[in-house]
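Working notes, beginning with the structure itself.
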Amino acid sequence: MTNRQLREQEVQIARYQVLSREVTDPLAACLLRVIVEELEADLRRDRDVISTVPASF
């Protein structure tokens, strides 16, 4: 995964965070928060993978 892809993931997370604050339906807000949590976990995992890959690759 490239730095650009990581940045795109961050932007996607930010969009969902904004949407979860703007939505008025409590169920939708809850589901969006779950989506954000999962996306953040994926981003952390991807960053961890990148940090463990040797620089020669």
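The values are calculated or read from the model by the stated rules, or taken from the named source; none is laboratory data. Everything numeric in this text was worked out from a predicted model, so none of it was measured. A quick note on method: Cβ atoms are made from the backbone with ideal geometry, for glycine too, and the neighbour counts reach across all protein chains shown. Side chains included, ligands, DNA and RNA excluded: accessible areas come from the protein's heavy atoms. Shrake-Rupley method; radii C 1.70, N 1.55, O 1.52, S 1.80 Å.
Structure notes:
- In the chain, the longest principal axis of the Cα atoms and the axis of helix 26-52 are about 10 degrees apart.
- FRET efficiency estimate (nearest 0.05) - Cβ-Cβ, Ser51 to Glu22, R0 35 angstrom: 0.55
- Residue among Leu39, Leu27, Leu19 with the largest mean-square fluctuation in a Gaussian network model of the chain, springs linking Cα atoms under 10 Å: Leu27
- Contact order relative to length of the chain, as percent, for alpha carbon pairs under 8 angstrom and 6 or more apart: 40
- Rolling a 1.4 angstrom probe over the protein heavy atoms with all chains in place gives the chain an accessible area of 80 Å² per residue.
- Dipole axis of the chain (+1 Lys, Arg; -1 Asp, Glu on Cβ), positive-most option in Leu39, Gln12, Val53: Val53
- Computed from point charges on the beta carbon alone (+1 for Lys and Arg, -1 for Asp and Glu), the dipole magnitude for the chain about its Cα centre is near 160 Debye.
- When the chain is reduced to its Cα atoms, the Kirkwood hydrodynamic radius in Å: 12.4
- R0 of 22 Å, Cβ-Cβ distance Leu6-Ile35: FRET efficiency to nearest 0.05: 0.80
- Principal-axis tilt of helix 3-22 within the chain, Cα atoms, nearest 10 degrees: 10
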